[in-house]
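A.B. asks: The structure's right below; bear with me while I get my questions together.
Every number here is computed from the coordinates shown, using simple stated rules; none is lab data. Values in this document were obtained by computation on a predicted structure and should not be read as measured data. Don't worry about glycine lacking a Cβ; one is built from the backbone with ideal geometry, like all the others, and counts go over all protein chains shown.
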Amino acid sequence: MSQPAVRIGAVLNTLLIAPSRQCLRPMAAGRNFHTRRPTAPYLSKSQAQAHQPLVIQRRFKYKTVEEAKSRYRSGPFSWKAGLLFVGTGGGLLYYFEREKERMQRKRIADSTKGVGRPKVGGPFELIDQNGNTVTDNDLKGRYSLVYFGFSHCPDICPEELDKMARMFDLVEAERPGQLAPVFVTCDPARDDPKTLKEYLSEFHPKFIGLTGTYDQIKAMCKTYRVYFSTPSQVAPGQDYLVDHSIYFYLMDPEGDFVEALGREHSPDQAAKAILGHMKDWTGKIAER
Amino acid sequence: MGLFGFFEKSDADKRASEIRTGAAVPTRAERQRCWEARDGYFACLDKSGIVDPVKDDKKAAKACGTETAQFERDCATQWVIYFKKWRVQDIQKKARLKELKAQGANKLDVQTDFAPRK
């Protein structure tokens, strides 16, 4: 009468004792049990007396039959099952939260892409601070962060450029070479390549400064929907300030606008947003 | 000799003059110096209760003579004009925001002061 309970208890025991064993092992153990089964009566009869300690040892696992029965009755609801339940629940919660954040970013990226959307960015041809021609195709393949300003700017541009340097460093630390920091002047009359080179070297050595003729810059600002008010006719030596939009434009590797980052974003927040969009990008991002 | 000496001495003055007229682009250090002069000037105006130093120019000159001179020496002339206008607008904006806040308006996260965000 007590024999089956003990046997079940022993099997249950082998299952419970080895939690790290994978699906295969309990199955193998089960098979062993089945193959051993025909011989078991013979063995148990002859070994019952001969190997008494073995039976005692087995009985020690459960002091009473009641205990074994209760263990059998409690079935799969053990602390291990509880742990598995909590673990799975936590994992799912984390996954859904992450998916939600990703969908939010996707919505921002998608709302600026496709048919019937305002198109920001487009073809351009300008020269950089070293005098080399740069076109929109040179910026494709990786993300770019485009900022418009001018070297005589009294307060906002230098601050924003410092901010841009910080966020660029933060992105660069995680994804080196995948973001191009671009500064476009709104004051081409005074910001020639040499001036830009001196000006930008104080912010970050990797900044790409772009300038051109008044008409080229005007076209560039138009494609990026940037408002600026550089007077087209200024007497030589006359000082003036340029009013302009102060957004960072994040452009994806295909040259499409993703998101505008403004004054309200701290460098950390902006870098986080950029890295998030980079993570969502399914294509390849070039490194330069 | 006297004329030569004048030119010799004024190397730094020449640079400062170029910055004032907008012929040269200020470096980071020169920008910093200008901003410090501006902050000192604004602090003096605040102390004297002057909002618009353009409208109350005589009062400003009397109360903050040295600060004005320093501000105009270290900053480009266009920057001086810009900062004075900015001051009036900023004070008006802050007053308006305070008024709106008193009426229970929702605040947007917008930065209006010069200090960079950490």
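A.B. asks: I need the shape label for segment A:194-288. Rule: rounded when a/c is under 1.5, else prolate if a/b > b/c, else oblate, with a, b, c from the alpha carbon gyration tensor.
C.D. replies: Cα axes put segment A:194-288 in the prolate bin.
A.B. asks: Extension gain B:ALA69-B:SER48, at 0.36 nm per residue separation less the Cα-Cα distance, in nm?
C.D. replies: 5.9 nm
A.B. asks: Hey, got the average number of other protein chain Cβ atoms within 10 angstrom for residues in A:155-162?
C.D. replies: Across the residues of A:155-162, the mean count of other-chain Cβ atoms within 10 Å is 3.
A.B. asks: Excluding A:PRO158 itself, calculate the net charge of residues whose Cβ lies under 9 Å from the Cβ of A:PRO158, where each Lys or Arg counts +1 and each Asp or Glu counts -1.
C.D. replies: Its environment carries a net charge of -3.
A.B. asks: Would you tally the net charge around A:TYR147, using a Cβ to Cβ cut-off of less than 10 Å, leaving A:TYR147 out, and scoring K and R as +1, D and E as -1?
C.D. replies: Summing Lys/Arg as +1 and Asp/Glu as -1 gives 0.
A.B. asks: If you don't mind, there's one more thing I want to ask. What net charge do the residues around A:SER201 carry, taking every other residue with its C-beta under 12 Å from that of A:SER201, with Lys and Arg at +1 and Asp and Glu at -1?
C.D. replies: Net local charge, A:SER201 excluded: +2.
A.B. asks: Excluding residues fewer than 8 places away in the same chain, name every one of the lysines whose C-alpha is closer than 28 Å to that of B:LYS101.
C.D. replies: Correct list for B:LYS101: B:LYS47, B:LYS84, B:LYS85, B:LYS93, B:LYS118.
A.B. asks: Got a sec? How would A:VAL242, A:VAL184 order by Cβ neighbour count within 10 Å, fewest to most?
C.D. replies: A:VAL242, A:VAL184
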